[in-house]
Amino acid sequence: QVQLVESGGGLVQPGGSLRVSCAASGTIFRIYAMGWYRQAPGKQRELVATITSGGGTNYADSVKGRFTISRNNAKNTVYLQMNSLKPEDTAVYYCNAEIRGSSTSLLYPYWGQGTQVTVSS
């Protein structure tokens, strides 16, 4: 069994910064890509950023230059540093990780429970 647990969300003023974290735990053989997605009220879930096991990154155009994704493979943790936050960044942020539980198991996408990020004055 694998769990992804996010932390670090909250309320921040426009222009402020916030860092969210996501730690994977359980029976893990290897973690491949990790990423962050977000879902605002009334909207579909959208990709924010992804990072490969080798450190390659990909960002949504709306967050390029403001958000930075990183990971600590030794801690099975992925981070999202969010700077210059805007009200339109308000959403529930979900962590995603592609994990193989054993050397013979299939790759499976796991999701965290989500953490609320609210940007408001």
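So the values come out like this:
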read-out: Inter-centroid distance (Cα atoms) of segment 69-121 relative to segment 42-61, Å; value: 9 Å
read-out: Over segment 40-121: Rg over Rh, Cα atoms, Kirkwood Rh; value: 1.00
read-out: Hz values of 3J(HN,Hα) by residue in segment 86-94 - Karplus curve (6.51, -1.76, 1.60), Gly and Pro given as x; value: 10, x, 6, 7, 4, 4, 8, 9, 10
read-out: Per residue, in Å², the accessible surface of segment 31-99 once ligands and nucleic acids are set aside, probe 1.4 Å; value: 47 Å²
read-out: Choice from Asn83, Asn58, Asn72 with maximal GNM fluctuation in the chain (Cα, 10 Å cutoff); value: Asn72
read-out: Cut-off 19 Å (backbone N to label point 7 Å along Cα→Cβ of Gln116), residues of segment 78-110; value: 86-95
read-out: DSSP-assigned coil residues among trypsin sites (Lys or Arg not before Pro) in segment 1-56, each with at most 14 further Cβ atoms within 10 Å; value: Lys43
read-out: Cleavage-rule hits (chymotrypsin sites (Phe, Trp or Tyr not before Pro)) in segment 20-57: DSSP loop, at most 15 neighbouring Cβ within 10 angstrom; value: Phe29
read-out: Interchain or long-range residues, amide H under 5 Å from Leu85's placed H; value: Gly15, Gly16
read-out: Accessible area of the chain belonging to carbon and sulfur atoms, whole % at 1.4 Å probe; value: 48 percent
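The values are calculated or read from the model by the stated rules, or taken from the named source; none is laboratory data. Values in this document were obtained by computation on a predicted structure and should not be read as measured data. We place every Cβ from the backbone using ideal geometry, glycine too, and count neighbours over all the protein chains shown. Only protein heavy atoms, including side chains, enter the accessible area calculation; ligands, DNA and RNA are left aside. Shrake-Rupley method; radii C 1.70, N 1.55, O 1.52, S 1.80 Å.
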